[in-house]
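Here the structure is laid out as structure tokens; the discussion comes afterwards.
The values are calculated or read from the model by the stated rules, or taken from the named source; none is laboratory data. All values reported here derive from a predicted model rather than from experimental measurement. Glycine also receives a Cβ, built like all others from the backbone with ideal geometry; neighbour counts cover every protein chain displayed.
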Amino acid sequence: MQTDDQLCDIGFIGLGVMGKNLTLNLTDNGYRVAAFDLDHNKVNDLLAQEAAERGEQDPRIEGCLSFTELLGKLKAPHLIVLSVPAGAPVDDVCDKLIDAGISADDIVVDTGNSLWTDTITREKHYQGKLIFFATAVSGGEVGARFGPSLMPSGDPYAWTRIKPVWQAIAAKVDPQTGKALERHSIDEPLPQGEACADYIGPAGAGHYVKMVHNGIEYADMQLICEAYHIMRETLAMTPADIAQVFKQWNQGVLNSYLIGITVEVLEHIDDDTGMPLVDIILDRAGQKGTGLWTAVNALQVGSPATTIAQSVFARSLSAMKDERIIAASILKGPEPKALAGEDATVIIQRLHDALYCAKICAYAQGFQLMNMTSIEQGWELDFAAIAKVWRAGCIIRASFLLSITQAYERNESLQNLLLDPYFAGQIAEYQHNWRHSIADATMAGIPCSAMSSALAYYDSYRCENLPANLLQAQRDFFGAHTFERKDQTSGKKFHVNWSEAKRTMVKVN
């Protein structure tokens, strides 16, 4: 029988790309891990990679062939991390752990891409059998290996046990500058800084915040693609030319992970054809559903996340490739071409400002959505802390997240980022170019649905009087839905008897 010193600190189940890399990250930070996967070849692959990276003198991973063996190799109370597909596989593993003898005070952490409402259901379902906890993970396989952004939520007691582990393996930032302290290989020392892992709130909150993160990610990516498309079509720029523009933009307010990888993508040459790889890739975008979940949730709570929703629709439109080929030969529009008499550098500067303003609006929509759901669920989310968690490790990490953190630190009750003096000033300074850039694209027939929706959101949000008064009158006309009056106390409802010859108004309540 193994002594306590020989037992492992953490159990890990599910050794796919993310699971394997999270396990190796744990061992980098000194933890001993008992690892299991239904595919035993993945266990062997993990052990082989550990031996190749660390040598055979200091093994920190114990391969397991069953749930029972995994429990037997762990210190009590057990801490077990799952990296399995969302949905039924999570419940299947939890049920098998219960059958194998897991205790009520053992913690099981779901790190998969679960729907947040499923996490709430699971915490309740497994009460008294185990402590079900969840941690949303962002950063992809590289982030998992060298420092992801982690969004944990659930039982506060469980967090006290998990906190030192998650803050050890998470991405780090310089607390003074907010700059990511990146690590790219096992030969580099572990970075010391502020961890991008903080308690989000009750069950479901972490996966919810990650869902909105992904919705913002959809918008951010679509906005970048629209900027690329406009440069490509109106200025006839090559991918290499556009890469240089993005490289320059990445030195300023647009600095972000997504801009950085866009440069690398645009510079990459296909080995088979010698052409830019981006010109070989079919223009049909896929999606895994988190952007859709965000858009649906925004509709459910009545939060106008229009740019996020439009980005989901843009992917749906891209999937209609065969129809678009037919439509391109039938539907007429202006010919995309360089804008006559315009300096390319001026057009590019306008586009820079348009992308920046639209990006601010996309983030504003995401935080507004989180705020409305936080109120609905009673979560009391800390938005400054969430922005800090996103500063490194995650896909939407960007320099201006520091400004978002500062905005919520100035006013923790801030209703919308656009109302913060800094962001209001930024939009005021750059909006002329934003409007001009969208007009340029529209006149050239280049779709920029995300940029346009962001501008419509901004203009609608700043508009004291919207035409919803006419809309409400229409609703009352055909459906007796009633309306409120500006000259009466809020909440009082009225209805016009539209079908009568003499249309009289009646007070409903």
Item to check | Within region 452-506, tally of residues that are in a strand (DSSP E or B) and of a type in the set (Asp, Glu) | outcome: 0
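Does residue 476 count as charged (D, E, K, R) and out of contact with any Phe, Trp or Tyr (no Cβ under 6 Å at 6 or more places or on another chain)? It would help to see each step written out before you state the result.
Numbers: charged (D, E, K, R): yes; out of contact with any Phe, Trp or Tyr (no Cβ under 6 Å at 6 or more places or on another chain): no.
Taking the combined requirement at face value, the residue does not satisfy it.
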Item to check | Meets criteria (in contact (Cβ under 8 Å) with a residue 60 or more places away in the chain, within 23 Å of the chain's Cα centre (by Cα) and assigned to a helix (DSSP H, G or I)) for residue 215 | outcome: yes
Checklist outcome for this item: When region 116-143 is checked residue by residue, the ones that are surrounded by 19 or more Cβ atoms within 10 Å (Cβ to Cβ) and either within 16 Å of the chain's Cα centre (by Cα) or without any contact (Cβ under 8 Å) to a residue 24 or more places away in the chain (or both) are 116, 135, 136, 137, 138, 139, 143
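Residue-wise test of (1) closer than 17 Å to residue 164 by Cβ; (2) at pLDDT 95 or above; (3) of a type in the set (Asp, Glu).
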| position | (1), (2), (3) |
| --- | --- |
| 4 | no, no, yes |
| 7 | no, yes, no |
| 10 | yes, yes, no |
| 19 | no, yes, no |
| 22 | yes, yes, no |
| 25 | yes, yes, no |
| 45 | no, yes, yes |
| 51 | no, no, no |
Item to check | Residue selected from region 176-212 under the condition of a type in the set (D, E, K, R) and assigned to a loop (DSSP other than H, G, I, E, B), by the criterion farthest from the chain's Cα centre (by Cα) | outcome: 187
Item to check | Those residues of region 229-258 which are free of Cβ contacts under 8 Å to residues at least 60 places away in the same chain and under 21 Å from the mean Cα position of the chain (by Cα), in sequence order | outcome: 250
Checklist entry - Of the residues 135, 177, which single one is among the β-branched types (Val, Ile, Thr) and touching a Ser or Thr at 6+ places or on another chain (Cβ under 7 Å)? => result 135
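Return yes when residue 437 is touching a residue at least 40 places away in the same chain (Cβ under 8 Å), of a type in the set (S, T, N, Q) and touching a Leu at 6+ places or on another chain (Cβ under 6 Å) and no when it is not.
On the way: touching a residue at least 40 places away in the same chain (Cβ under 8 Å): yes; of a type in the set (S, T, N, Q): yes; touching a Leu at 6+ places or on another chain (Cβ under 6 Å): yes.
Answer is yes for this residue.
Quick check, is residue 147 in contact (Cβ under 8 Å) with a residue 60 or more places away in the chain, under 19 Å from residue 196 (Cβ atoms), surrounded by fewer than 18 Cβ atoms within 10 Å (Cβ to Cβ) and not hydrophobic (A, V, I, L, M, F, W, C)? Steps first, please.
Values: in contact (Cβ under 8 Å) with a residue 60 or more places away in the chain: yes; under 19 Å from residue 196 (Cβ atoms): yes; surrounded by fewer than 18 Cβ atoms within 10 Å (Cβ to Cβ): no; not hydrophobic (A, V, I, L, M, F, W, C): yes.
The answer is no for residue 147.
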Checklist entry - Can you tell me which residue in region 223-275 is surrounded by the fewest Cβ atoms within 10 Å (Cβ to Cβ), limited to those that are within 12 Å of residue 355 (Cα to Cα) and β-branched (Val, Ile, Thr)? => result 253
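Where residues in region 438-451 are assigned to a helix (DSSP H, G or I) and not hydroxyl-bearing (Ser, Thr, Tyr), which of them is farthest from residue 346 (Cα to Cα)? Give the derivation first.
Going residue by residue through region 438-451, those that are assigned to a helix (DSSP H, G or I) are 438-443, 449-451.
Narrowing the set further to residues that are not hydroxyl-bearing (Ser, Thr, Tyr) leaves 438-441, 443, 450-451.
On the way: 438: 14, 439: 14, 440: 12, 441: 14, 443: 17, 450: 22, 451: 18 Å.
Here the residue is 450.
Any residue at all in region 252-262 that's under 30 Å from residue 372 (Cα atoms) and among the hydroxyl-bearing types (Ser, Thr, Tyr)?
The first filter runs over region 252-262 and keeps only residues under 30 Å from residue 372 (Cα atoms), leaving 253-259.
Now restrict to residues that are among the hydroxyl-bearing types (Ser, Thr, Tyr): 256-257.
Yes - at least one qualifying residue is present in region 252-262.
Of everything in region 265-300, what is of a type in the set (Gly, Ala, Ser) and closer than 30 Å to residue 370 by Cα? Give them in sequence order.
Within region 265-300, the subset of a type in the set (Gly, Ala, Ser) is 274, 285-286, 289, 291, 295, 298.
Once the filter is applied, which keeps residues that are of a type in the set (Gly, Ala, Ser) and closer than 30 Å to residue 370 by Cα, region 265-300 yields 285, 286, 289, 291, 295, 298.
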Checklist entry - (1) farther than 25 Å from residue 27 by Cα; (2) crowded, with 20+ Cβ neighbours inside 10 Å: which one isn't true of residue 104, the others all being true? => result (2)
